[in-house]
Structures are given as structure tokens and as C-alpha cells.
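This report concerns only the one structure given below.
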Amino acid sequence: MATINGVNVTDLQQTKERVTQDPAAADREPTVAARWLGGSASRVEFKGKTAHIGGEGNLNPMQNLLASLAACDIDLIAMHAALIGLPIKDLRIEVTGHFNSQAYYGVESAPGAGYDRIAYTIHLTAPQATAEQIDHLRKRCERSSPVGDSLGKSIPLTLELTQA
């Protein structure tokens, strides 16, 4: 078993082969549940794991969206660097985005409340990396990042509000 960047390359290659042979094996449909804790704080749950979003001392939901992009691409780069045998010494990602919160506060004439632009910079230290490997990792981020891909397209959103 080879482990590079904390990634079990053998397991990863086996998983890649499995989802190549059976694309449905790569399908995911997670459901998370959030519960209001008071004020702007929520507890989010998924399969026994919890996170607190909003409220004092926590990232707010919009910050979490940027954090999700950064964390997704860190995972993606570490994994793909491992697949090509490239050890990483250091990796960090800075993400910034702009949005106007008027609509959030109920200003009717305001533009949408979501991000209108997001940009990020990947800072990678991999002393053994070739220019081709760096280009490969950049292309993986552009092509393979689930969060980046989600942010880059319009996703149908269905809302249902029930009263108990």
C-alpha cells in the first residue's frame, strides 16, 4: 500500500477503477439536516456528524460556501498529486467572493443575495513538481472539483415550506 499526502493510493486506484467500470457506483445523494439553535446559529447533521454554522464564533453560511470550495480543492489536489506520485510539502487555498446582502435583509429592489463573483488562489509547495504536473493539478481543479463545478453552473433548486 502506497500512501502519499495522507492518501492511500492503492485504495484510490481501486475506487477509480470501480467507478470507471460502473459509473453508478460514483453517484451520491447526501441529505443534511439543519436545526436552528437561536439567533443565526444552526447545527447541521449528516450521518452522525455535526457542524455548527453561524452564531458567535462560527463561520456564517456564506463563509462556509467559500470554505467548502477551498476544502474541496485541497482534497482534490492532495488526491490527484498522490495519484501522480507527487508529494506535497504545503498546500493552502485563499478564496474570496463578493455579494450584496440587501435582499437578505428584505430590501425588495435589491439584486439577488448570492455571490456574484468568487476567485481563489492555490498556494502549492511541491518541490519535485514539474510544470506538467502543476498544469495537470490546475486542470483537475477546473474539471473535477465537485464544489467548483456546482458553483459554476445553474442548479435547479426546489423549496417546500411546511407548517407543523
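The values are calculated or read from the model by the stated rules, or taken from the named source; none is laboratory data. Predicted, not measured: the structure shown is a model, and the values here were computed from it. Here the Cβ positions follow ideal geometry from the backbone for every residue, glycine too, while neighbour counts run over all protein chains shown.
When only residues in the range 86-109 that are of a type in the set (Gly, Ala, Ser) and modelled with pLDDT under 95 count, which is farthest from Thr15 (Cα to Cα)?
Ser109
Against the condition assigned to a loop (DSSP other than H, G, I, E, B), free of Cβ contacts under 8 Å to residues at least 40 places away in the same chain and more than 23 Å from Lys16 (Cβ to Cβ), how does Ala113 come out, does it pass?
Values: assigned to a loop (DSSP other than H, G, I, E, B): yes; free of Cβ contacts under 8 Å to residues at least 40 places away in the same chain: yes; more than 23 Å from Lys16 (Cβ to Cβ): yes.
The answer is yes for Ala113.
Inspect the range 8-20 for any residue being exposed (fewer than 10 other Cβ atoms within 10 Å of the Cβ), modelled with pLDDT under 95 and either closer than 27 Å to Ile122 by Cβ or not aliphatic (A, V, I, L, M) (or both) and give the result as yes or no. Don't jump to the end; show me each part of the working.
First, pick out the residues of the range 8-20 that are exposed (fewer than 10 other Cβ atoms within 10 Å of the Cβ): none.
No, that holds for no residue.
Filter the range 120-151 for residues that are under 16 Å from the mean Cα position of the chain (by Cα), in a strand (DSSP E or B) and among the β-branched types (Val, Ile, Thr) and give the result.
Hits for the range 120-151 are Thr121, Ile122.
Find the residue count for the range 124-147, including only residues that are at pLDDT 95 or above and in contact with an Asp or Glu (Cβ under 7 Å, 6 or more places away or on another chain).
Of the residues in the range 124-147, 2 are at pLDDT 95 or above and in contact with an Asp or Glu (Cβ under 7 Å, 6 or more places away or on another chain).
Residue-wise test of (1) within 26 Å of Val95 (Cα to Cα); (2) assigned to a loop (DSSP other than H, G, I, E, B).
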{"residue": "Asp11", "(1), (2)": "no, no"}
{"residue": "Thr20", "(1), (2)": "no, no"}
{"residue": "Leu37", "(1), (2)": "no, no"}
{"residue": "Glu45", "(1), (2)": "yes, no"}
{"residue": "Ala51", "(1), (2)": "yes, no"}
{"residue": "Gly55", "(1), (2)": "yes, yes"}
{"residue": "Leu65", "(1), (2)": "yes, no"}
{"residue": "Ser68", "(1), (2)": "yes, no"}
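For the range 90-110, how many residues are loosely packed, with under 13 Cβ neighbours inside 10 Å and part of a loop (DSSP other than H, G, I, E, B)? Don't jump to the end; show me each part of the working.
If we filter the range 90-110 for residues that are loosely packed, with under 13 Cβ neighbours inside 10 Å, which is where we start, we get 90, 92, 94, 96, 98, 101, 105-109.
Filter again for part of a loop (DSSP other than H, G, I, E, B), leaving 101, 106-109.
Of the residues in the range 90-110, 5 are loosely packed, with under 13 Cβ neighbours inside 10 Å and part of a loop (DSSP other than H, G, I, E, B).
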